[in-house]
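Here the structure is laid out as structure tokens; the discussion comes afterwards.
Where a number appears in this text, it was derived from the coordinates with a stated rule and is not lab data. Keep in mind it's a predicted model, so treat the numbers as computed, not measured. Cβ placement follows ideal geometry from the backbone for every residue including glycine, while neighbour counts extend to all protein chains displayed.
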Amino acid sequence: MIRKTDFLVIGSGIAGLSYALKVARFGTVTVITKKKVQKTNTALAQGGVAAVFGEQDSFDLHIQDTLNAGDGLCTLDAVKMVVENGPDRIRELVGQGASFNMAGKGKYDFDLGREGGHSAKRIVFSKDLTGKEIEDSLVANVEKNKNISILEDHVAVNLITFSSSIRSGLLVTQQDNICCGAYVLNNRTGKIETFYSGITLLATGGASKVYLYTSNPDIATGDGIAMAFRAGASVANMEFVQFHPTCLFHPEAKNFLISEAVRGEGAHLIDHEGNRFMEKYSPDKELACRDVVARAIDNELKKSGADSVFLDISHKEAGFIRKRFPNIHAKCLEYGIDMTRDPIPVVPAAHYMCGGVATDLNGRTDIQRLFAVGETACTGLHGANRLASNSLLEALVFSHRAYETSVEEFKAMGSEMNITDLELWDESNTTDSDEAIVVSHNWDEIRRLMWNYVGIVRSDKRLQRALRRIENIQEEINEYYWDFKVTSDLIELRNLATVAELIIRSALMRKESRGLHYNIGYPRRDDKNFCSHTLLKKNF
Ligand code: SIN
């Protein structure tokens, strides 16, 4: 059976839902999401959304800070567009019911926070649960909208493109690649369903689960990036993986972030002997950009052999800490750490993909009718390193641009939406797998090899070793993939392996150090040869 929808949105975080709400005025929308609708990386975002509201702030300052963080690789037009449209998009969120910490009585008189790399206070936040506040308000609106269907426990497998799926003799013969939907595993029935759509939006978030240690939830397996690459879209800048400097270090704590806002409110980083060390690395100390802070911590840990460094905010008033960071405070207490008195043990962990599916300023990929927004996309905003709290902002601004552009494309499509002759998923030659252990071994191996060989500090030798291993793993996965019935674990494993390979290959292409990519063999930035985006595209 083919399920038809005007707009297919893959992913239910800030990018997917804010787009869905807008396009729903023009057609039917299906949002597919791997777990429950709220189970997204957005919902875990603590810090906030960067936008110019402060009296001491200006678009120029925000633009300059973004460019500085991006280390020469940002696309200026993307930066300007995002910064200048940011305040409108935040006002829109307020109109949709999201509420943020306020400093005064005016509707937009926000209490603004500060984070690393920002020259002014400009982070709009909701305690330390900003993402949850935004996600909850978007979900509440989406659930009320009769034009939007949300399908939970649905996992996209592959995109469907005209050139690969329309049988001969039909409308399109010598066309470019055009996306017309996706094959999707319904995890409740175990069946693969075929979705036919006018416009498809990838909003599947990031891929930091490709690393052993990460701030991201289990769902962050790079599905959109891998699917788009397989379908023939260009993927850009995958070597720029952002490691967040401060994730909680505790044997029982899985993926818990200690927000940069804690440093923004004055926390110090100290080593295992209680000494501050950031002044050795940057005049901005704890508020240097993330790449600098993460590398500094990595260096301190390698020198001392200690398991972690510590983040200490205990010099601030206890009542303030509890009120400003209720979530972090409560989580730390669960592990016996009272942040009003004790330093918090922290380590860097993979946090954000600056690379992704290459898009233009409207979120368009180089496959027609396929858009990508949010962490899945590489829009040029972040360059070689993302400025803190620019990610929710990018998702909001680009989902708006994608909405405006895709609605125009959708209206121009007319009767083409009648095509129904798509090939259904064929699993006739597959059997149920009895070797789930192979999947979990490969998962584990990929994440370890990425952490050990493709981490904060890289070398060509380690990257080559990682490439050889990932190629073998890819072969195993491919055999497995076509012989056995597809499961969500297998889909995610295949996607992670693809993303891992893309990161490694991109890192090998960049023979310099810039932003988040540091190679000990080429410790300096080389503008003459490498001041450009790294693009990868599949050869068919
Ligand atoms: C944080 O709260 O530190 C994360 C915010 C971000 O990644 O921009």
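Using the Cα coordinates of region 185-243, the gyration tensor eigenvalues translate into equivalent-ellipsoid semi-axes of 24, 17, 9 Å, sorted from longest to shortest.
Kindly point out which whole DSSP H helices in the chain project their C-alpha atoms 30 angstrom or further along the helix axis while averaging a Kyte-Doolittle hydropathy of -1.0 or above.
Values: long enough: 391-413 (32 Å, 0.12); 460-483 (35 Å, -1.56); 488-509 (32 Å, 0.85).
Both cut-offs are met by 391-413, 488-509.
If Rh is defined by the Kirkwood formula over all Cα pairs and Rg also comes from Cα, what ratio Rg/Rh do you get for region 456-540? Intermediate results must be reported in sequence, preceding the final value.
Details: Rg = 15.5 Å, Rh = 14.5 Å.
Result for region 456-540 is an Rg/Rh of 1.07.
Count Lys and Arg as plus one, Asp and Glu as minus one, and take only other residues whose Cβ is under 10 Å from that of THR430; the net charge is then -3. Gain on full extension, evaluated as 0.36 nm per residue between LYS323 and GLU476 minus their Cα-Cα distance, stands at 50.0 nm. Can you tell me how region 354-477 classifies by the Cα gyration tensor, rounded, prolate or oblate, using a/c under 1.5 as the rounded cut? Cα axes put region 354-477 in the oblate bin.
For the chain, the mean residue ellipticity at 222 nm estimated from helices alone is -11500 deg cm²/dmol, where every DSSP H run of n ≥ 4 contributes -39500 (n - 2.57) and the total is divided by all residues, rounded to the nearest 500. Over all other residues within a Cβ to Cβ distance under 13 Å of ALA388, the charged ones net out to -1, with Lys and Arg as +1 and Asp and Glu as -1.
Fewest to most neighbouring Cβ within 10 Å: what's the order for ARG290, ARG25, ARG89?
Working: ARG290 26, ARG25 11, ARG89 20.
Placing the least packed residue first, the sequence is ARG25, ARG89, ARG290.
Applying the Karplus relation 6.51 cos²θ - 1.76 cosθ + 1.60 with θ = phi - 60° to region 357-367 yields 3J(HN,Hα) values of 5, 5, 10, 8, 6, 10, x, 7, 8, 8, 9 Hz, where x marks Gly and Pro. Relative contact order for region 247-345: 29 percent, from Cα pairs under 8 Å spaced at least 6 residues apart, divided by residue count.
Shown here for region 184-258: trypsin sites (Lys or Arg not before Pro) in loop regions (DSSP other than H, G, I, E, B) with at most 16 other Cβ atoms within 10 Å, namely ARG188, LYS254. When the Cα gyration tensor is reduced to axis lengths a ≥ b ≥ c, the ratio a/c is 1.5 or higher for region 399-540, and with a/b not above b/c it is classed as oblate.
So what is the relative contact order for the chain, in percent, with contacts set as C-alpha pairs under 8 Å and at least six apart? Walk me through the intermediate numbers first.
Working: 1189 pairs, mean separation 115.1, N = 540.
Value for the chain: 21 percent.
Considering just Cα atoms, how many Å³ per residue does the convex hull of region 323-424 enclose? It would help to have the intermediate numbers written out before the result.
Numbers: hull volume 19.6 nm³, N = 102.
Given the Cα convex hull of region 323-424, per-residue volume reads 192 Å³.
Binning all Cα-Cα separations of region 199-312 at 10 Å, short to long from zero, yields these whole-percent fractions: 12, 38, 28, 16, 5, 0. Working note: Cα gyration tensor of the chain, eigenvalues times five, square-rooted, sorted largest first, giving semi-axes of 36, 27, 22 Å.
Give the Kirkwood hydrodynamic radius (Å, one decimal) of region 1-122, defined as one over the mean of 1/r across all pairs of different Cα atoms. Write out the running numbers ahead of the final one.
Working: mean 1/r = 0.0598 Å⁻¹.
Result for region 1-122, one decimal place: 16.7 Å.
Equivalent ellipsoid semi-axes for region 108-247, as square roots of 5 times the alpha carbon gyration tensor eigenvalues: give them largest first, rounded to whole Å. Walk me through the numbers on the way to the answer.
Details: eigenvalues 245, 85, 55 Å².
For region 108-247, the ellipsoid semi-axes come out as 35, 21, 17 Å.
Add +1 for every Lys or Arg and -1 for every Asp or Glu among the other residues with Cβ under 14 Å from the Cβ of ARG448, and state the total. The answer is +3.
Once you keep just the Cα pairs under 8 angstrom separated by 6 or more residues, what percentage relative contact order results for region 1-75? In percent, rounded to a whole number, it is 25. Take the Cα of ARG276, step 7 Å toward its Cβ, do the same at LEU76, and the gap between the two points is 3.7 nm.
The coefficient of translational diffusion for region 493-540, derived via Stokes-Einstein from the alpha carbon Kirkwood radius under 4 °C and 1.567 mPa s, stands at 109 µm²/s.
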